[in-house]
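A short worksheet on the structure shown next.
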Amino acid sequence: MVLINFAATDTLNLLCQLPDCRFLTVKTVLDEITYENLRNSVSRLIEEGILEVVATGVSPDEEIAFIEKYFRKPVGEAVALLAAQSREATIATDEKKARRIAKELHIKVTGTIGLLKRMISAGIINAKQALGLIKEMEEKASYWPPKNFQNYLLRS
C-alpha cells in the first residue's frame, strides 16, 4: 500500500507538500494496517486533518457487488477504488490488480514511484533522496518497486 510505504518511512509529511493534492482513505484500508507504529502515524495525520477518512460514495450492496466482481474478498484497495471512482479522483496504489481494474474503469492511478516523481518535479526532494526513500521503503515496508523504476524516476 502506498500509504504504508510513506508511513513506514515517516515521510507522509512530504506528500502534504505536493501542490493541488488532497489525501483521502477509507476505513477498510486503515483496518489493514497491522503495525501499531504505522497506525499511530496515520492516526496523527487524520487528527491533524492531513488525511481524511471517507465513505465509498456507493450503497453497501453496490460495494459488496463490486468487491465480489473484482476482488472476491473485501480488501482496502477495492473500497478505495470505489471511493476514487465516486469522486472522480486519482487512486494511489501499487497493487497490480487494483491498477489494472482502475484503468479498466477509467480511474486515474498513481503509485509510490509516481508520487516520488511528482515530489522531485515540485522540488520537495531530489532524485538521490527519492532513491534513498525507495531503499528505506523496501526495508521497512516490504515495498517491491517496479522494474526500471529508476529510468522513470530520473527522467525529467
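Points worth noting:
- Residues whose placed amide H lies under 5 Å from that of I91, excluding near-sequence neighbours: K108, V109, T110
- The alpha carbons of the chain occupy a box of 46, 33, 29 Å along the principal axes, longest dimension given first.
- Near L51, the amide H atoms lying under 5 Å from its own belong to I46; only residues 5 or more places off or on other chains count, and H is placed 1.01 Å from N.
- The phi-based Karplus calculation (6.51 cos²θ - 1.76 cosθ + 1.60; θ = phi - 60°) puts the 3J(HN,Hα) values of segment 107-122 at 9, 5, 9, 9, x, 4, 5, x, 5, 5, 4, 5, 5, 5, 4, 7 Hz, whole numbers, x for Gly and Pro.
- Derived scalar couplings between HN and Hα for segment 23-36 equal 10, 10, 9, 10, 4, 4, 5, 4, 5, 7, 7, 9, 7, 4 Hz in order, rounded to whole Hz, by the Karplus curve 6.51 cos²θ - 1.76 cosθ + 1.60 (θ = phi - 60°), x for Gly and Pro.
- Summing Lys and Arg as +1 and Asp and Glu as -1 over all other residues whose Cβ lies under 14 Å from the Cβ of C21 gives a net charge of +3.
- FRET E, pair E47, E136, Förster distance 25 Å, beta-carbon r, rounded to 0.05: 0.50
- For the listed residue pairs K117/K147; K103/K128; K108/K140; K96/K140; K27/K128; K69/K108, the alpha carbons are over 24 angstrom apart in K103/K128; K108/K140; K27/K128.
- From phi via Karplus (6.51, -1.76, 1.60), per-residue ³J(HN,Hα) for segment 41-50 in Hz, x at Gly/Pro: 4, 5, 4, 4, 5, 5, 4, 7, x, 7
Each reported figure results from applying straightforward, stated rules to the coordinates on display, with no laboratory input. Values in this document were obtained by computation on a predicted structure and should not be read as measured data. When we count neighbours, we look across all protein chains shown, and the Cβ atoms used for this are built from the backbone with ideal geometry, even at glycine.
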